[in-house]
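J.: The structure is given below, and queries will be raised subsequently.
The values are calculated or read from the model by the stated rules, or taken from the named source; none is laboratory data. Just so it is clear, the structure is predicted and the values come from calculations on it, not from any experiment. Here Cβ is always computed from backbone atoms with ideal geometry, including for glycine, and neighbour counts include all displayed protein chains.
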Amino acid sequence: MGRRSPYPEEFRRDAVALFRAAAGARTYSAVAADVGVTGETLRSWVRQADEQAGRGERGQATEAPGEELARLRTENTRLRKAEAEWQLEREILRRAAAYFAREVK
């Protein structure tokens, strides 16, 4: 067992979220300097968060590959339907804008 971290869990979660919000635009060291820790410390927190996100409480994978595939297919179908709705909305707005532009002239 390692020693207990002097940083509260909430602080570590916030630091990891800040690094992820940078979306590759900033390095571990740059974000770590902002929060007052070393780059390696932040890197280990991100690694731990990734491990915890991928595993359940008992250390088992949260879903089987088949379940994940089914979930992703369902989500893909939902997103395709939403995209079709957005295209329809954009077309309606485009036609309305053209109509009102003719009316103004």
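J.: Out of all the residues in the range 22-30, is one or more closer than 22 Å to R4 by Cα, loosely packed, with under 11 Cβ neighbours inside 10 Å and either modelled with pLDDT of 85 or more or not aromatic (F, W, Y) (or both)?
T.: Looking through the range 22-30, none of the residues is closer than 22 Å to R4 by Cα, loosely packed, with under 11 Cβ neighbours inside 10 Å and either modelled with pLDDT of 85 or more or not aromatic (F, W, Y) (or both).
J.: Residues being of a type outside the set (S, T, Y) and under 20 Å from the mean Cα position of the chain (by Cα): count how many of those fall in the range 61-82.
T.: Final tally of qualifying residues: 13.
J.: Being in a loop (DSSP other than H, G, I, E, B), at pLDDT below 90, touching a helix residue (DSSP H, G or I) at 6+ places or on another chain (Cβ under 8 Å) and over 22 Å from E10 (Cα atoms), is that true of even one residue in the range 48-62?
T.: Yes: one or more hits.
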